[in-house]
Every structure is written in structure tokens, then in C-alpha cells.
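Notes follow once the structure below has been shown.
The values are calculated or read from the model by the stated rules, or taken from the named source; none is laboratory data. Just so it is clear, the structure is predicted and the values come from calculations on it, not from any experiment. When we count neighbours, we look across all protein chains shown, and the Cβ atoms used for this are built from the backbone with ideal geometry, even at glycine. With ligands, DNA and RNA removed, areas are computed over all heavy atoms of the protein, side chains included. Shrake-Rupley method; radii C 1.70, N 1.55, O 1.52, S 1.80 Å.
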Amino acid sequence: MLTLKLINERTEWVIKGLEKKHFSGAKEAIENVLATDKKRREAQTQLDINLSESKKLAAQIGALMKQGKKEEAESIKTEVARLKDTNKALQEAMDRAQQELTTLLCAIPNIPYDIVPEGNGAEDNVVVKMGGMETELPKDALPHWELAKKYNLIDFDLGVKITGAGFPVYRGKGARLQRALINFFLDEARKSGYEEIMPPTVVNEASGYGTGQLPDKEGQMYHCNLDDFYLIPTAEVPVTNIYRDVILDEKDLPVKNCAYTQCFRREAGSYGKDVRGLNRLHEFSKVELVRIDKPEHSEQSHQEMLAHVEGLLQKLELPYRILRLCGGDMSFTSSICYDFEVYSEAQKRWLEVSSVSNFDTYQANRLKCRYRRTEDKKTELCHTLNGSALALPRIVAAIMENNQTPEGIRVPKCLVPYCGFEMLDDQPC
């Protein structure tokens, strides 16, 4: 969350940044923060004055008693008792203001970097690069949900029977393709210096708060009411929370972690043709990259993560593009975000497969994730970054649709050693 120091020092800049992110009522929100902080500081000032006065008066009581001035001593005791009651009320007012202040700050999103384009939605995002080979498909090309049925790779109806819509069942070569992609992505991350983590897929409220999913996205998360746990929407949540309340040594930065997990999203309000098949699921597999870095190196870390994801798409032989998201299309916690999309020739549309974000100090401030500088031993907030490398459903959809042939679906060369076969078809594994 934003710091009071930043808001006090650069109020106009903060408001302008929030408006760039299309945060409605930015000015009013900042005014409420400043007004609440003023109440807290006024109560603190009066409390400090009263405590100082109480200390002075208490010192007088003993002296007056020794001098036999009992009435004066009792009068001062009464005044000290009155101040004590006043101080209790002031402390309660301070605590209320602090709690209100924290709530207000938590509801304010991160401020985008200057390079983030203006805009309100996806139509205002900027394409910064395109790559990969165009695909030529046969005239009778099928979308992936029909290919999945034709070759018995994914059973969407069985998923509905077992759980509900958005929970597909992978089988045979379809299941092996999933496992191949997961292992391929993890191996590529390991080659790039990432330490693999296998975290829990349920987290507590503090973890959701630390990375900014709470209180922003509680409506999109599956909640285990009895235990007050949340199913993770991404491995970013448990992996980044490893560093909650941690002070890292500067020499150990950047921290580079990767993790494969199942991810769970309610996707409330999603409907229509864009959610068919694997396009939008409630449960899916994903490999995530997480970095913790010092501020002066985080931009380089971000570029390295972007290059890593682009390298994966090149090896998968998929047509792709990279977009710099506009302020209105970025997540609550991002300072800057790039999306990767692959082109589905059969659906004639782009499919998002990764978001790579730099959160600056926004998450670290919530997490109290700091590092100790080698030179002067002072502590500073870290920068946190994360990116999908990669989310599987739409990658699988693009592989199936773009590589279909009359004989079956060609498996990208980089995956053949992991799959153990070269074609996705209805032949036994």
C-alpha cells in the first residue's frame, strides 16, 4: 500500500497517478487519508502533552505530602486522575484513526510508472513487439474444444459432472501434454537460475493481504469459510509471502523463485464465447516466477523476466505479441505490467498467457519485506516482481489449434522429449 510519507510529500503526483489508473475518486480518497491522519496526529500531540503534564504533577504530589500540604496534594491527584481518563479516550481515538487509516490506504491501488500509457481498457494497451511464425491451417480447422473431443484429450462434460463448468478433465495424451509443459517450464526456469518452490495452494488472510489480493479480489477467490483460508489464484501469493516480515541481505538479491501450482479463480461474471473450452477456467495449472530485488536493479530484473517468457514462446513455436498495459487495465498492485498473448488461428483471436509485473515497493510495504544494505547496514523496502511462465490452458489451446494436421496435432519439438510422442491423436500413449 502507499505510504503516508509519499502522500504527504507528493499529494498532487499521487492523485494524478491514481487517475491515470482510472481509480475513481482518487482526490477524495487522498483527502480522506490526510484528514484521518490529521485526527490521529492531533490526538497523539494532545496525548504527549497530557503525559508530560501528568509526569510533572505526579512529581509534585510526593513533595507536597512531605510538606504536609495534603489538600493541595489531593487536588493534584484529582487532576492526574482526570488526565488519565482523558488520555485513555485519546488513545482510543488514536487507535480508531490508525485502523481507519490502514483501511483507507489498503483500498488505494499502486501508482503506475510514467512509461505506462494512458487508457481505460484493453483497447488502449500498446503492442511493443510481435514474434513467432504465422500459422497456415487447413480450411476445415477446428477450435481446441472440438479437437479435444475428436482425439479424446480433454473431457469438459466429465468435469461438469465431477465439479462444474470450468473444471476440465485431461486424459491420455492430453494429461501427458500438461505434465510435459509443467516440467519444461520448470526446467527452463531452473536453467535461468530460479529456485523451485512447492508451496501450499491454500493461504491465510495475512498472505492474501500481503500480496494485495485482499481486500481487492476477495470476490474472485475461493474461500474456505470454516478455516478462513483462501485457495490461491496464483503461486505469487504463497511464494512472495515466504518473505513476509523478513530482512534480506543485499548480497542475496535478487531472490529468484519459481513454482508450479494449481490455481483457482471464481471468474465471476465471465460468460459468452470467450469462455469456451480452455479460454477461461476456474482451476488451471501454472508455473510462476517471483523475484525480490533492490530498487535500483528491479527494472533489469523485469526485463530479464520478459526475455525469459518470450524465450518460452519462441521455443514453443507460437505466434505471440507483447503489450504494455495502460493504466486502466493494470492490476490493483502493479506499477507496470506487460502481457504476453499467443494467436489462435482457429479462433482468430489473441489469448493472454502471461502477465509480467513490477510492483515496486507496494507489496513489500504490506509484507514488511526489506533488505539490509551492505555499505551502511540500513534497511530499505525491496521491490517485488512476478510473472507467469507460463499459464497452461491457453498455451494448450494455441498448441492444439495452430499445430493441427489431418493426421493429428503436432507436438512442438521442445516438448517431444517430455511427452514421449510427436503427435496428439487418438492412438494409445
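A few points about this structure:
- Filter pass, K84 being touching a Phe, Trp or Tyr at 6+ places or on another chain (Cβ under 9 Å), touching a residue at least 24 places away in the same chain (Cβ under 8 Å) and charged (D, E, K, R): no
- Across the stretch 114-133, the qualifying residues are those that are touching a strand residue (DSSP E or B) at 6+ places or on another chain (Cβ under 8 Å) and assigned to a loop (DSSP other than H, G, I, E, B), and the one among them that is farthest from P168 (Cα to Cα) is I115.
- Output for the stretch 64-113, where each listed residue is of a type in the set (V, I, T) and under 39 Å from the mean Cα position of the chain (by Cα): T102, T103, I108, I111
- Listed conditions (1) touching a helix residue (DSSP H, G or I) at 6+ places or on another chain (Cβ under 6 Å); (2) within 27 Å of V309 (Cβ to Cβ); (3) open to solvent by 20 Å² or more (accessible area, probe 1.4 Å) are all met by V203, apart from (3).
- Looking across the stretch 130-179, just one residue is under 32 Å from the mean Cα position of the chain (by Cα), crowded, with 16+ Cβ neighbours inside 10 Å and of a type in the set (K, R), and that is R176.
- Inside the stretch 244-274, residues that are modelled with pLDDT of 95 or more and among the small types (G, A, S) make up a count of 1.
- From the options K77, K38, residue that is open to solvent by 70 Å² or more (accessible area, probe 1.4 Å) and closer than 30 Å to L4 by Cβ: K38
- Contact annotation: residue pairs with Cβ atoms under 6 Å, 6 or more positions apart or on different chains, pairing a residue in the stretch 373-396 that is in the same structural domain as K348 (by the TED database) with a partner that is surrounded by fewer than 23 Cβ atoms within 10 Å (Cβ to Cβ) and of a type in the set (F, W, Y), are P393/F284.
- Within the stretch 1-28, residues that are farther than 20 Å from A364 by Cα sit with their Cβ atoms under 7 Å from residues that are open to solvent by 50 Å² or more (accessible area, probe 1.4 Å), at 6+ positions apart or across chains, in these pairs: I15/K27; K20/E118; H22/N120; A26/E19.
- Considering the stretch 4-35, the residues that are of a type in the set (G, A, S) and open to solvent by 50 Å² or more (accessible area, probe 1.4 Å) include one that is modelled with the highest pLDDT, namely A35.
- Candidate set from the stretch 402-429 (those that are of a type in the set (A, V, I, L, M) and open to solvent by 10 Å² or more (accessible area, probe 1.4 Å)); member that is nearest to G172 (Cα to Cα): M423
- From the list G328, G311, the one residue that fits, being part of a helix (DSSP H, G or I), open to solvent by 10 Å² or more (accessible area, probe 1.4 Å) and closer than 29 Å to S24 by Cβ, is G328.
- The set of residues in the stretch 314-325 that are surrounded by fewer than 19 Cβ atoms within 10 Å (Cβ to Cβ) and part of a loop (DSSP other than H, G, I, E, B) contains only E317.
- The residue that is surrounded by the most Cβ atoms within 10 Å (Cβ to Cβ), among those in the stretch 331-342 that are outside any loop (DSSP other than H, G, I, E, B) and of a type in the set (V, I, T), is V342.
- Candidates S285, S331, S301: the one that is within 18 Å of A389 (Cβ to Cβ) and at pLDDT below 95 is S331.
- Scanning the stretch 295-308 for residues that are surrounded by 17 or more Cβ atoms within 10 Å (Cβ to Cβ) and in contact with an Asp or Glu (Cβ under 8 Å, 6 or more places away or on another chain) gives S298, S301, H308.
- Residue check, T86 modelled with pLDDT under 95, among the hydroxyl-bearing types (S, T, Y), surrounded by 13 or more Cβ atoms within 10 Å (Cβ to Cβ) and farther than 30 Å from S24 by Cβ: yes
- Filter result for the condition that a residue is more than 30 Å from L142 (Cβ to Cβ) and buried (at least 23 other Cβ atoms within 10 Å of the Cβ), over I292, I399, I395: I292
- Search result, residues across the stretch 219-228 that are within 21 Å of E288 (Cα to Cα) and open to solvent by 60 Å² or more (accessible area, probe 1.4 Å): Q220, Y222
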